[in-house]
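What follows is a single structure, written as structure tokens, with notes after it.
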Amino acid sequence: MAKVALVTGGSRGIGRAICERLAADGFSVAINYVGNEAAAKETLAACEQAAAFKAPAACEAATFATYAADVSDTEQANALLNKVTEEMGEIVVLVNNAGITRDGLIMRMSVDDFDAVLNVNLRAAFNLCKGVSRSMSKQRAGRIINISSVVGLYGNAGQANYAASKAALIGLTKSLAKELGSRQVTVNAVCPGFIRTDMTDALSESQQASMLAQIALQRPGEAKDVAAAVSFLASEDAAYISGQTIVVDGCMSL
Ligand code: NAP
């Protein structure tokens, strides 16, 4: 049986690249999404292709499936975990990737926009970390990888809600690494910089240009650059790395 990985927000962008990469690494992948079923199906097809091409030996044992759930909702998050476990097996790798932005200066930021971002970017990770902690502890194995952001490390004008959620995610990561370490469960965060996805396509041209100007490698990152870091953290080679934050930003935030 292939090991099971659950990736939240796996339908698009960074989440899709993570699903594809974990499939290529030989994992069974549960692809979560909230509303975009067509995109989730595309991820599923990409996983099947990646597994067949890169991990043919493991491929026969691996399974791929899509799961609709708003992971910020505790009931839906728990139902998702139960369904994935029932249908695919115990979850060994959890990637908390689902995220949203509702940008604006704090003077004009509504409480709803603050809450929405905190709920998806932080509460969802809490829901799922809590949900898998018992079974991972029992298995004495598990990898939790939280997708934070460089904005959570350094802040960003116009993103107080987003930066707060991503900074809190790092605090959650470090605390859980300490709580679950004795059970051989590792918990790490990955902080992407400026990665080309639907999320950053929504930024204005001038915002994109100003971010690009700060990147030493002089190009935006690709979703697969982030997926490579996740792949490493999920691998046997990363067994002794926990509570860490890996920045994937082309030397943007140094
Ligand atoms: P994206 O292209 O906008 O994709 C967001 C994904 O999250 C989609 O799969 C979406 O599902 C899913 N999602 C949103 N709300 C959800 C919910 N309540 N429950 C379940 N799934 C939900 O975003 P991205 O750029 O790939 O970003 C992925 C992660 O990386 C986010 O946490 C983001 O904050 C972080 N990040 C991104 C960048 C960047 O430059 N792109 C930089 C730093 C950090 P649907 O398709 O169903 O809507």
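The values are calculated or read from the model by the stated rules, or taken from the named source; none is laboratory data. Remember, it's a predicted structure, so these values are computed and weren't measured experimentally. Virtual Cβ from ideal backbone geometry, glycine too; neighbours counted across all protein chains shown. These area figures cover heavy atoms from the full protein model, side chains too; ligands, DNA and RNA do not enter into them. Shrake-Rupley method; radii C 1.70, N 1.55, O 1.52, S 1.80 Å.
Taking R0 as 22 Å, what FRET efficiency do you get between Arg196 and Met107 from their Cβ-Cβ distance, rounded to the nearest 0.05?
Once the sixth-power term is evaluated, E becomes 0.15.
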Q.
Run lengths n ≥ 4 of DSSP H only: what is the helix-derived mean residue ellipticity at 222 nm for the chain, with -39500 (n - 2.57) per run over all residues, to the nearest 500?
A. -15000 deg cm²/dmol
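What FRET efficiency do you get for Ser204 and Ala228 if R0 is 35 Å and r is their Cβ-Cβ distance, rounded to the nearest 0.05?
0.75
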Q.
Can you list residues from other chains, or at least 5 along the same chain, whose modelled amide H is less than 5 Å from the amide H of Val248?
A. Cys191, Gly193
Q | Loop-located chymotrypsin sites (Phe, Trp or Tyr not before Pro) in the stretch 156-250 whose Cβ has at most 10 other Cβ within 10 Å (DSSP) | A | Tyr240
Q | Most mobile listed residue (Asn96, Asn188, Asn119) in the chain, GNM with C-alpha springs under 10 Å | A | Asn119
Q) How much length is gained if the chain between Glu179 and Glu87 is pulled fully straight, taking 0.36 nm per residue apart and subtracting their Cα-Cα distance, in nm to one decimal? A) 30.3 nm
(Q) Please report the net charge: other residues with Cβ closer than 10 Å to the Cβ of Lys138, K and R +1, D and E -1. (A) +2
Q. Among the DSSP beta bridges whose two residues both lie in the stretch 92-206, what percent are antiparallel, rounded to the nearest 5?
A. 0 percent
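So, with a 1.4 angstrom probe, what is the percent of accessible area on the chain that is carbon and sulfur?
Values: 6390 of 12300 Å².
Roughly 52 percent of what the probe reaches on the chain is carbon or sulfur.
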Q) How many lysine pairs in the stretch 4-242, separated by 8 or more positions in sequence or lying on different chains, have Cα atoms less than 26 Å apart? A) 16
Q | Contour minus Cα-Cα distance for Ala57 and Ala45 (0.36 nm per residue) | A | 2.5 nm
Q: For Ser235 and Leu217, calculate 0.36 nm times their separation in residues minus their Cα-Cα distance, and state this gained length in nm to one decimal.
A: 3.8 nm
Q: Select from Val34, Val93, Val190 the residue whose mean-square fluctuation is largest in a Gaussian network model of the chain (Cα-Cα springs shorter than 10 Å).
A: Val34
Q: Compute the accessible area per residue over the stretch 4-242, keeping the other protein chains in place, probe 1.4 Å, unit Å².
A: 47 Å²
Q | Relative contact order of the chain, defined on C-alpha pairs under 8 angstrom at six or more residues apart (%) | A | 19 percent
Q) If you keep only loop residues by DSSP, which GluC sites (Glu not before Pro) in the stretch 74-170 have at most 16 other Cβ atoms within 10 Å of their Cβ? A) Glu90
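What are the DSSP H helices in the chain that stretch 20 Å or more along their long axis, judged by alpha-carbon atoms, and whose average Kyte-Doolittle hydropathy comes to at least 0.0? Intermediate results must be reported in sequence, preceding the final value.
Values: long enough: 37-54 (25 Å, 0.06); 74-88 (21 Å, -0.60); 124-139 (23 Å, -0.21); 160-180 (29 Å, 0.37).
What comes out of the filter, once short or polar helices are dropped, is 37-54, 160-180.
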